[in-house]
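Derivation of every value follows stated rules applied to the coordinates shown; laboratory data play no part. As the structure is a prediction and not an experimental result, all values here were calculated from the model. A quick note on method: Cβ atoms are made from the backbone with ideal geometry, for glycine too, and the neighbour counts reach across all protein chains shown.
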Amino acid sequence: MPQYKAPLRDVRFLLNEVFDYSAHYAQQPNAEDATPDMVDAILEGCATFCEEVLAPLNLSGDQEGCTFKDGVVTTPKGFKEAYAEYVAGGWQGISHPKQYGGQELPMSLNLLKSEMMGTANWSFTMYPGLSLGCMNTIFQFGSDAQKNTYMPPLVSGEWTGTMCLTEPQCGTDLGQVKTKAEPKGDGTYKITGTKIFISAGEHDLSENIIHIVLARLPDAPKGTRGISLFIVPKFLVNADGSLGERNTVKAGAIEHKMGIRASATCVMNFDEAVGYMIAEPNKGLEAMFTFMNTARIGTAVQGLAHAELSYQGALPYAKERRSMRALSGKKDADHPNDALIWHADVRRMLLTQRAVAEGARAMIYHAAKLADNMVAGVAEGNKAKYEEFDDRLGFYTPILKGFITEMGLECANIGMQVFGGHGYIKEHGMEQIARDARISTLYEGTTGIQALDLLGRKVLLQTRGKCIKEFTNEMIAQAKPHLLDGGPIGKMARLAFKRAIQWKMLTLRIMLRAAKDRDVVSAACNDYLMYSGYAMMGHFWLKQALVANEKLAKGGKDSADFYKAKLQTAEFYFDRLLPRADGHKKAMLSPTSSLMQMDKEHFSFV
């Protein structure tokens, strides 16, 4: 199985040399303690925890899975001990207020932690990860009494949380929610209904689980405008903060999943469970989705994590495994065969994994800075600032979630391919990465939903193309000073510049066509999203290449190999991966007739 090693050199390159996080933190209201030394200590400590505690449980956790009996979920061997160590280390409260026991560091630091944890063991990471949405919701919309009751044990990690959204009939369409909330007359509500796909809905890692639940009041209007939000604890909480009686919420089953098998995905049954309203009546969905951009970026991290882990598994195998001679001649003279890494097609696969992982990391780290500014707006009570950065983050979100998870899945499959037949065997751990990665394109909104959100909502309805104009202007501003440069930098700058102009024109063409044919939006959106992802990743690869090129020009031997590899990976991206955008361009401009002309009855098995 892959032996995970935290990519700290690349992380530090982005933080310190590309995005200047030190200057960024100096402007944040909650970043007084985020000094370079503190950030480095967090990175080192998290890397050690992930490499030594979480990574060794990844394969065994998948093989054992979770067990379910009479409503009780037992996590795989070692998970309870690992979670206790996680809580003891104070990892859960990195980005939450000190008044509730947190460290009050920027949200981006929590995302850096999540990347390492998720790469080491995605199943484990989902248990504390689901608590973040619960905490964020209570923190922003809860009453003072609710915050004082629930935030401290959630921040410490003693309790965990969930987000109970969808139901058997719903899927993404939450307007179909049927769970009922009946007022009892004492300020509490009786919550009755069934929720599905609830990650960490039941487990043995913490003493209490706090569910955030969507439900309808008796007089609620239909659709999404009639949904309220409730806190429903597994165990009721006494006035002194101690645990009271068991609430009438119970896991009815756990799903038998393709991947992330050590993460308990539950069917949760609420049988007149005691609930407490959070936020305003009938505005639960609005409150629930306040931090949805950050949740979806968290899912984008899964695409990065599986690209990175699959690369870390495939690379040493390609260096050690021998097969045939390289076409360009003998490379390993002391052996009758050359290592796989000398074959150009194997290098294509390895460089694809590397380019995707490092490109995705840059995209996500940039978005994390926007998330910091958004949270700062909330902390400062500055609504205008919050809305500005939430809108900017909202443009990135569907691209990050949709594109990066699709690419992460491709890279996970590539890792199996490098191993050949051995990649299909469980002991090597490569097929597990592919199975774990598969869910990333489905939950928190499928790739199709992200594509509709990008093109239909963000581009056409909300901004009329303004968001594309603003981002492509950034691409042009970065590339323009280097258009006449020689060598790889000039070539990459010209290609990025060309894509920026092309992206603008494509958006205008789609907008004009959609005005005449509404099916254009749904027909073109997936290709539009993928085109956008390739173009955006190109922008961030150019950003990294410019820094690496500058560092090399200044000399210094210590990191020369790192910067050379960075430039060479950037060249590969522009030569081999960015051209894929042309296929998406052609497809999105195709007429809708080939999609829509067939009668429904003609879709058959005969």
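Given the C-alpha centroids of region 195-232 and region 526-566, what is the distance between them in whole angstrom? Each part's Cα centre sits 43 Å from the other's.
Based on the alpha-carbon gyration tensor of region 214-293 and its eigenvalue square roots a ≥ b ≥ c, which shape applies: rounded if a/c is under 1.5, prolate if not and a/b is larger than b/c, or oblate?
In terms of gyration-tensor shape, oblate.
Compare the Cα positions of Y100, I210, A376 along the charge dipole of the chain (+1 at Cβ of Lys, Arg; -1 at Cβ of Asp, Glu; about the Cα centre) and return the one farthest towards the positive end. Comparing the listed Cα positions along the dipole, A376 ranks first. The order of D436, D40, going from fewest to most other C-beta atoms within 10 Å of their C-beta, is D40, D436. The residue list A326, A273, A355 was ranked by how far each Cα lies along the charge dipole of the chain toward its positive end, using unit charges on Cβ atoms, and A326 comes out on top.
Under the combined filter of DSSP loop state and at most 16 neighbouring Cβ atoms within 10 Å, region 1-72 retains these trypsin sites (Lys or Arg not before Pro): K5. The long axis of helix 383-399 is offset from the longest Cα principal axis of the chain by roughly 60 degrees. What separates the Cα centres of region 393-428 and region 67-87 is a distance of 27 Å.
Under a model in which nothing but the beta-carbon of Lys, Arg (+1) and Asp, Glu (-1) is charged, region 292-445 shows a dipole of about 460 debye around its Cα centre. Other residues with beta-carbon under 15 Å from the beta-carbon of C467 carry, at +1 per Lys or Arg and -1 per Asp or Glu, a net charge of 0.
How high is the relative contact order of the chain, in percent, with contacts defined as C-alpha pairs under 8 Å that are six or more residues apart? Relative contact order comes out at 12 percent. When only the Cβ of Lys, Arg, Asp and Glu is charged (+1, +1, -1, -1), the dipole of region 352-409 relative to its Cα centre reaches about 180 debye. Tell me the angle of helix 344-380 to the major Cα principal axis of the chain, expressed in degrees between 0 and 90 and rounded to the nearest ten. Compared with the principal axis, the helix lies near 40 degrees.
Amide H contacts of I94 (H built 1.01 Å from N, in plane; Pro and chain starts excluded): Q103 sit under 5 Å, all sequence-distant by 5 or more or on other chains. Taking every alpha-carbon pair under 8 Å whose residues sit at least 6 apart, region 443-509 reaches a relative contact order of 28 percent. Where only DSSP H runs of four or more residues are counted, the chain gives -17000 deg cm²/dmol as its mean residue ellipticity at 222 nm, each run worth -39500 (n - 2.57). Charge dipole (Cα centre; +1 on Lys/Arg Cβ, -1 on Asp/Glu Cβ; no other charges) of the chain amounts to roughly 2300 debye. Highest mean first, the peptides 71-80, 447-456 sorted by other C-beta atoms within 10 Å per residue fall in the order 447-456, 71-80. Compared with the dominant Cα axis of the chain, that is its longest principal axis, helix 292-320 is turned about 40°. Lys/Arg Cβ at +1, Asp/Glu Cβ at -1, dipole of the chain taken about the Cα centre: which of M38, H335, G201 is farthest positive-ward? Result: H335, furthest along the dipole toward the positive end.
If contacts are Cα pairs under 8 angstrom and at least 6 residues apart, what is the relative contact order of region 462-591 in percent?
With pairs under 8 Å counted, the relative contact order is 28 percent.
Peptides 297-304, 254-261 ranked from most to least packed give 297-304, 254-261, packing being the mean of other C-beta atoms within 10 angstrom over each peptide's residues. The spacing between region 282-337 and region 48-62, judged by their C-alpha centroids, is 17 Å.
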